[in-house]
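For reference, the structure is listed below as structure tokens.
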Amino acid sequence: MKVAAVKVNELNASAVGIEDFLSLTKPTITLLVVITAIPSLLLATAGIPNPLLSICVLLGLTLTSASAAAFNHLLEADVDIHMMRTKQRSIAAGRVSKKQALAFASLLGMGGLSLLYFGTQPLAAALALGGHLFYSLVYTKFLKTRTPQNIVIGGVAGAMGPLIGWAAVTNGLAWPAWMLFAIITLWTPPHFWALALKYKLDYAKAGIPMYPVVYGDEKTRKAIMLYTFTLFPPVLALFVFHQAGWFFLVMSLLATGKFSWDAVQVYRAHNNEQAMRLFHYSCLYVFWVFIALVIDWCVAMPK
């Protein structure tokens with residue numbers, strides 16, 4: 001099977017298109033990482049953020065996140081060919097060769113880290129490099145294939161945006177950045193497990209011990225529900241300790257309340273029929289909460 005996949009890769013690589021390289025960057029996830037850095041960038045700044053620094057932060061994050069995603073595709077190519085959901089990815093399907101993917105991912109990573117290091121603060125670049133290595137190597141090559149807690153631990157990599165945004169301004173970290181980090185970290189398991197319920201057999205076939213593969217659907221639905229409840233404390237903390245105002249409080253509580261209510265319905269249904277609806281809403285949840293925080297900051301923007 002692996003030999004056949006390599007031959008296909010070699011034969012089809014010459015037909016590569018821009019969209020094949022773009023898909024390697026997981027654009028939706030990359031956009032999510034960038035958006036989650038914006039509130040942190042604003043809150044860490046006593047006034048209007050420096051435009052040049054902001055550009056370096058957002059572009060540097062875009063490139064480093066895209067690089068980590070491309071390395072993830074590269075390192076998982078031999079697994080992707082065994083799963084219905086992933087076998088048409090650019091490398092697995094042979095539209096991009098592994099050498100091309102390696103060069104593409106490396107250039108993105110070097111460009112992004114250079115922007116963060118020279119255009120912002122060294123700590124921001126160090127955090128971006130740490131998140132990159134954790135996702136592309138630790139999560140992809142170790143956690144994902146060895147423990148059903150893979151996404152619980154691995155979600156840390158996707159939550160680095162707020163820490164990098166704060167560090168880019170201050171060359172340090174403070175508790176509001178950690179609260180934003182916590183929101184993303186706690187959101188990741190219910191978001192991903194809702195999808196894993198649908199593709200449980202796919203993961204089992206590929207030998208990946210996702211939570212529903214190891215513990216079953218019922219326990220997974222319960223875990224999804226419980227994790228959504230944990231989102232309330234960090235959301236409330238931002239308001240209680242005066243990092244956000246009433247607009248954020250109302251919008252984030254509405255979003256979190258709906259997320260939890262939908263998760264309760266998935267658990268009470270004792271089947272997976274509503275799991276994908278929960279997954280699709282969860283994709284919007286983080287955008288909703290973090291954009292609400294940006295709007296809230298704009299309303300109360302320092303004059």
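The values are calculated or read from the model by the stated rules, or taken from the named source; none is laboratory data. The structure displayed is predicted, hence computed values, not measured ones. All Cβ positions, even for glycine, are placed from backbone atoms using ideal geometry, and neighbour counts span all protein chains on display.
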Cross-chain or 6+ apart pairs with Cβ under 8 Å, region 97-114 first and in contact (Cβ under 8 Å) with a residue 12 or more places away in the chain, then of a type in the set (V, I, T) and in a helix (DSSP H, G or I): L108/T64; G109/T64; G112/T62; G112/T64; L113/T64
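Scan region 155-167 for residues that are modelled with pLDDT of 95 or more and closer than 20 Å to I29 by Cβ and report the count.
7
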Verdict on S40 being free of Cβ contacts under 8 Å to residues at least 24 places away in the same chain, under 21 Å from the mean Cα position of the chain (by Cα) and in a helix (DSSP H, G or I): no
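Counting only residues that are in a helix (DSSP H, G or I) and more than 16 Å from P189 (Cβ to Cβ), how many does region 265-288 have?
9
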Test: A128 is at pLDDT 95 or above and either surrounded by 21 or more Cβ atoms within 10 Å (Cβ to Cβ) or in contact with a helix residue (DSSP H, G or I) (Cβ under 7 Å, 6 or more places away or on another chain) (or both): yes
Condition met for L123 (free of Cβ contacts under 8 Å to residues at least 40 places away in the same chain and surrounded by fewer than 22 Cβ atoms within 10 Å (Cβ to Cβ)): no
Count - residues of region 83-97 that are within 23 Å of the chain's Cα centre (by Cα) and either on the phi > 0 side of the Ramachandran plot or not hydrophobic (A, V, I, L, M, F, W, C) (or both): 6
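One line per residue, one yes/no per condition, for (1) over 22 Å from K141 (Cα atoms); (2) touching a residue at least 40 places away in the same chain (Cβ under 8 Å):
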residue	(1), (2)
P176	yes, yes
P212	no, no
Y215	no, yes
M225	yes, yes
T230	yes, yes
P234	yes, yes
A237	yes, yes
K258	yes, no
Residue within region 219-230 that is of a type in the set (S, T, N, Q), surrounded by fewer than 24 Cβ atoms within 10 Å (Cβ to Cβ) and touching a helix residue (DSSP H, G or I) at 6+ places or on another chain (Cβ under 6 Å) present: yes
M225 vs. criteria closer than 21 Å to W297 by Cβ, out of contact with any Cys (no Cβ under 7 Å at 6 or more places or on another chain) and in a helix (DSSP H, G or I): no
Which numbered condition A263 misses (of (1) crowded, with 22+ Cβ neighbours inside 10 Å; (2) of a type in the set (A, V, I, L, M, F, W, C); (3) within 19 Å of the chain's Cα centre (by Cα)): (3)
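Got a sec? Which of L180, L173, L163, L116 is over 14 Å from the mean Cα position of the chain (by Cα), assigned to a helix (DSSP H, G or I) and either of a type in the set (A, V, I, L, M) or not assigned by TED's automatic domain parsing to the domain that holds S282 (or both)?
Unique residue meeting the criteria: L116.
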Failed condition for T170, given (1) under 24 Å from T45 (Cα atoms); (2) crowded, with 21+ Cβ neighbours inside 10 Å: (2)
